[in-house]
Structures are given as C-alpha cells and as structure tokens.
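I have placed the structure first, in the form of structure tokens, so that the comments after it can refer back to it.
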Amino acid sequence: MPIRGLNHAVLFVRDAQRSAAFYRDVLGFREIVSMPNAVFMRAPDSDNDHDLGLFGIGDAATASPAGRSSVGLYHLAWEVPTLADLADHRARLAEAGALVGASDHGTTKALYAKDPDGLEFEVSWLVPHELIGDDMEMATLPLDLDAEITRYGGDRVGALSRVPGTTRA
C-alpha cells in the first residue's frame, strides 16, 4: 500500500478563528471554509483540498501533556521550496514571537515555532537529493541560515519541493 505523503492535519485549538489568523498572517495559509468553531485552510502552494483543519474547543482547554506526561504528536513539519523562503519565515515567526528554535539536521534545515495554543510545528527546507553525499549524517546542530544560503543558494528548490504546476518524480 503506497503512501504519497501527509495530505492534511487537524488540530484541536482553543479558538479556531484566532488560530486561523495566526496560520494566515504568519505562514500564509488561505481560509477555504470558515465556521465559528472550525476553519479549513490551504497552504500557499498546495493543490490539496485543505492542508490544515482547526477545531475550536474553548478557552478552558488545557495544554497538551504530550511528550511530558503522555504520548502524542510532537510536531508537524511544513516544507518550503527555497532557503530564501525559510529566511522569510524566520523573520515572520520571530516578529510574531512564535520562533522557538532553529536546527541543522544535515539533510534538513529547520525552524521550530509554536502557534497561539503552544502547539509546536516545524518549517523546513530539504537539501536536494543530488547534493546529499555519503558524509552527510542526520544530526541536530545549530542552524546558520545565512551560511546555508551562501552554500546552496537562496533560490535552489529543495528535495521534495515542487514548483507549482509540476509534479514530483
């Protein structure tokens, strides 16, 4: 049974409209359907019906204990096409007070942030397959985004990214 990838994510949040505003204003998602307690959104370059569903369950909801006292999802990773896009997201996330970290994982350059409910997510760029050598190992090192842009170029399209109107190999 082949799986092509993650089609969408659904999150329980305190206020669906507040969270939708964050994902719209900071990450550029577009609202597809909006109801008082549910919003469905599409990522800027996606051709999915929706990439993110937000269900509001009220301000009394407690923070998720996942990873601290229970099992659960750690984070979702949103992919960007280029390192220039990643730099743009770094600035937007920092301005929103949402940026909580940045890591160089060898084949992945990643930013980590939290949404208004404290749910963590990643924004990442993947090194193109043809540039991955045998010496590139999975690691968690500090990300020097400016150095990575110098190394790979700001406009180089990452491994799994696709330019709108094209298909993945």
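Coordinate-derived values only; no laboratory data. Because the structure is predicted, anything quoted here is derived from the model rather than measured. Note that each Cβ is placed from the backbone with ideal geometry, even for glycine, and that neighbours are counted across all protein chains shown.
Tabulated data for the structure shown
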item: Helix 16-27 vs. the chain, principal-axis angle (Cα, 0 to 90°, nearest 10); result: 20
item: Only Lys, Arg (+1) and Asp, Glu (-1) charged, at Cβ; the chain dipole about Cα centre in debye; result: 420
item: Karplus-derived 3J(HN,Hα), 6.51/-1.76/1.60, for each residue of segment 80-89, Hz, glycine and proline x; result: 10, x, 10, 5, 4, 5, 5, 4, 4, 5
item: Fully extended contour minus Cα-Cα distance, from Gln17 to Ala66, at 0.36 nm per residue; result: 15.3 nm
item: For segment 72-169, projected area of the alpha-carbon convex hull averaged over all directions, nm²; result: 7.4
item: Long-range amide H partners of Thr107 with built H, under 5 Å; result: Ala139
item: Under 5 Å, built H, 5+ apart or other chain: amide partners of Phe29; result: Arg24
item: In Hz, Karplus ³J(HN,Hα) per residue of segment 58-64 (6.51, -1.76, 1.60; θ = phi - 60°; x = Gly, Pro); result: x, 5, 7, 4, 7, 5, 5
item: Interatomic Cα distance distribution for segment 1-58, bins of 5 angstrom, percent; result: 5, 22, 30, 23, 11, 6, 3, 1
item: Mean Cβ neighbour count within 10 Å, used as a protection proxy, ranking 121-127, 40-46 highest first; result: 121-127, 40-46
item: MRE, 222 nm, helices only [DSSP H, n ≥ 4, -39500 (n - 2.57), over the chain, to nearest 500]; result: -6000 deg cm²/dmol
item: Inter-probe distance in nm under a simple model that places probes 7 Å from Cα toward Cβ, at Arg30 and Ala96; result: 1.8
item: Rounded to 5, percent antiparallel among DSSP beta bridges of the chain; result: 70
item: Rg [Å, one decimal], Dmax [Å, integer] - the chain, C-alpha atoms; result: 16.6, 51
